[in-house]
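The values are calculated or read from the model by the stated rules, or taken from the named source; none is laboratory data. Small disclaimer: the values here were computed from a predicted structure and weren't measured. All Cβ positions, glycine included, derive from the backbone under ideal geometry; neighbour counts span all protein chains shown.
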Amino acid sequence: MKSMFGIKGRMTQHFDEKGAVSAATIIEAKPMTVTQIKTTEKDGYQALQVGIGSRKEKNVSKPVLGHTKGKAFRYLREFPLDVSGGQLEVGASLDVAIFAPGDVVAVSAISKGKGFQGVVKRHGFHGGPRSHGQKNKERAPGSIGGGGRAGGRVVKGMRMGGRMGGDRITVKNLRILKVDAATNTILISGAVPGRPGTLVEING
């Protein structure tokens, strides 16, 4: 499996060789540094830990700096990988060249937070009737059950108002339209979760 982390940028348009236009998202994916190779014998599972980006050294704890050999990365992330072949070693670099135009990928990120929202916006409720003297219940949730159905409690999973967004969302079957190794950018078809500046995970 091919995996890459990057920073979501703005959206743009992409024209292919036939002139067809499609919406696309720019992902800035600077080279990642392998910081640890996790194995079944030592860690109980196989994975690759990588360091992404950079930050001031004073903002990183000493245990983390010791683990990364003094390099102050902005993010430390890992993804499952079969490392039995031993092709990679700590300190190796991974860049956008692992992907090619036409690859189908899944993109995961934390979605935009939208704060506390009611049931109409959060769950798509239609609201109450707009006639017969109805005055202030257009967006009300209505009955949530009561003693007859649930024994006087609110059943688990009841759709109600609450905090919306801020969830890990995965969008599948997106195509890579362009890979630019000179600028470390990847152009992906369609929209991906999160706001500009969000850390996204690309899995091929």
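Hey, among Lys69, Lys112, which residue is in contact with a Pro (Cβ under 9 Å, 6 or more places away or on another chain) and farther than 20 Å from Asn203 by Cα? Step through it out loud before you land on a result.
Values: Lys69 fails: in contact with a Pro (Cβ under 9 Å, 6 or more places away or on another chain).
When all the criteria are applied, what remains is Lys112.
Check the range 79-90 and report whether any residue there is modelled with pLDDT under 90, within 30 Å of His67 (Cα to Cα) and under 17 Å from the mean Cα position of the chain (by Cα). Within the range 79-90 (the criterion being modelled with pLDDT under 90, within 30 Å of His67 (Cα to Cα) and under 17 Å from the mean Cα position of the chain (by Cα)), the answer is yes, since at least one residue qualifies. Does Val105 satisfy the condition of being assigned by TED's automatic domain parsing to the domain that holds Val179, out of contact with any Ser or Thr (no Cβ under 9 Å at 6 or more places or on another chain) and either in contact (Cβ under 8 Å) with a residue 12 or more places away in the chain or under 30 Å from Pro141 (Cα atoms) (or both)? Yes; evaluated as a whole, the condition is true for this residue.
Filtering Asn173, Asn184 for residues that are touching a helix residue (DSSP H, G or I) at 6+ places or on another chain (Cβ under 9 Å) and in the same structural domain as Lys2 (by TED's automatic domain parsing) leaves a single hit, Asn184.
Given the structure, is Gly157 free of Cβ contacts under 8 Å to residues at least 40 places away in the same chain and touching a helix residue (DSSP H, G or I) at 6+ places or on another chain (Cβ under 6 Å)? Give the derivation first.
Values: free of Cβ contacts under 8 Å to residues at least 40 places away in the same chain: yes; touching a helix residue (DSSP H, G or I) at 6+ places or on another chain (Cβ under 6 Å): no.
No, not satisfied.
Test Gly128 against the criterion of being more than 30 Å from Arg195 (Cβ to Cβ) and not in a loop (DSSP other than H, G, I, E, B), and give yes or no.
On the way: more than 30 Å from Arg195 (Cβ to Cβ): yes; not in a loop (DSSP other than H, G, I, E, B): no.
Judged against the criteria, Gly128 is not a match.
Residues of the range 160-187 that are in a strand (DSSP E or B) and within 29 Å of His123 (Cβ to Cβ): Gly162, Arg163, Met164, Gly165, Arg168, Ile169, Thr170, Val171, Lys172, Asn173, Leu174.
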